[in-house]
Amino acid sequence: MIMKQVRLKEIVAPHFWNTFNSKVTHQIDKGGRGSTKTSKNSLKVSLFCEQFKSCSAVIIRRYQNTLRNSVYKEIKRALKRFHLEDGKDYEAFKSPLEIHLNNKNNIYFAGGDDYEKIKGMIDEDNSVKILWFEELTEFDGPDDIDQIVATFTRGNDDWFIVLYSFNPPKNKFHWVNQWAEQMSKRKDCIVTQSDYRTVPEKWLGKIFIEQAEEMKKNDEKRYRWIYLGEVIGLEGLIYNPDLIEYVDEDYIEKNNIRILYIDFSIDSGHQTSATTCGGYGFGNDGYWYLLDTYYYSPNEKPNKKSPSELSKDIFNFEMTLTKKYKTGIDTETIDSAERSIKKSVF
């Protein structure tokens, strides 16, 4: 099988030029619509499987029934861009979904919902050198991903690549966003943030560009999420206990996190129920931390604290936290039920 000469810069978007030929183990592509992440990975898988001996690939999406009309078609399109023909340079099968190149390398397609079937793709005579997880946000969490990666890394002594591609969820506490942030700290990982703005207009079409620019004018926040792939916030999420992560008491100090400012939230009860004040610090790592909580309950106490006493307690609590973290107060919020405490504190 001989691949005709093709200039990669003519078929790969500029934001991928520096990493396209990389063999770094973990390669994460996140970004907005139209950034050509999927087509780039299809080209990379096709080229590597054609160029290198004993180099097969497994392409995975969460659900088996999504493969044929997505990544399977993309790989065939990529092979065509390299002037390789079905039936001449490779054989494409639909049951099961596989592509067999003439150099004996194979490209397998699998759903993450059938882990046992994925394990059966291991071929000791033809190593799997590339894994590609497309639409990573479809998966429930990193555990299944890690299991699959561990399965195929065995037997590879020279190099092994895992490709991950996804459009970031808007919620920064989504597991994919947190996972990508942690992965970016590893020496064996590169992260590429991409969007449509460096892609040649003729690849995307005039209407795509016009729609993106129109959304930018009318709803910039949504534009930044959909087209630029930015994590834009919680979008109305008030409270979800699944998104709370518990860390050690010395976590902030050990990780050299600087608290930029503190917000205080007070729920006062005085005579009938407890009074609480939470101090929440915003760190320079982009996360909120519950730094400490003041709590007083009048239950079964014959001499209950007066509003002025509670106000002094809360004031001292707030000053202690601001001194400890060497920062200022951003906002203080208190319910309107206890007017006397509110008047004293503010």
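Couple of notes before you dig in:
- Scan of the stretch 264-303 for residues that are part of a loop (DSSP other than H, G, I, E, B) and either polar (S, T, N, Q) or closer than 20 Å to residue 245 by Cα (or both), ordered by number: 268, 271, 272, 273, 284, 285, 286, 287, 297, 299, 303
- Residues that are farther than 26 Å from residue 40 by Cα and over 18 Å from the mean Cα position of the chain (by Cα) number at least 1 in the following helices (runs of 4 or more DSSP H) confined to the stretch 135-246: 206-218, 220-226.
- Residue 22 assigned to a loop (DSSP other than H, G, I, E, B), among the hydroxyl-bearing types (Ser, Thr, Tyr), modelled with pLDDT of 95 or more and over 14 Å from residue 134 (Cα atoms): yes
- Check on residue 230, touching a Pro at 6+ places or on another chain (Cβ under 9 Å) and within 20 Å of residue 288 (Cβ to Cβ): yes
- Close contacts from the stretch 67-85, counting a first residue that is in the same structural domain as residue 37 (by TED's automatic domain parsing) and over 26 Å from residue 138 (Cβ atoms) and a second that is at pLDDT below 95 and among the aromatic types (Phe, Trp, Tyr), with Cβ to Cβ under 8 Å and a gap of 6+ residues or different chains, come to 84/90.
- Unique residue being buried (at least 16 other Cβ atoms within 10 Å of the Cβ) and in a loop (DSSP other than H, G, I, E, B) when the list is 79, 84, 47, 43: 84
- The residues of the stretch 59-104 that are among the acidic types (Asp, Glu) and closer than 18 Å to residue 41 by Cα, listed by number, are 74, 98.
- The sole residue among 253, 318 that is outside any strand (DSSP E or B), at pLDDT 90 or above and buried (at least 16 other Cβ atoms within 10 Å of the Cβ) is 318.
The values are calculated or read from the model by the stated rules, or taken from the named source; none is laboratory data. Because the structure is a prediction, the values reported are computed rather than measured. Here the Cβ is made from the backbone with ideal geometry for all residues, glycine too, and neighbour counts use every protein chain on show.
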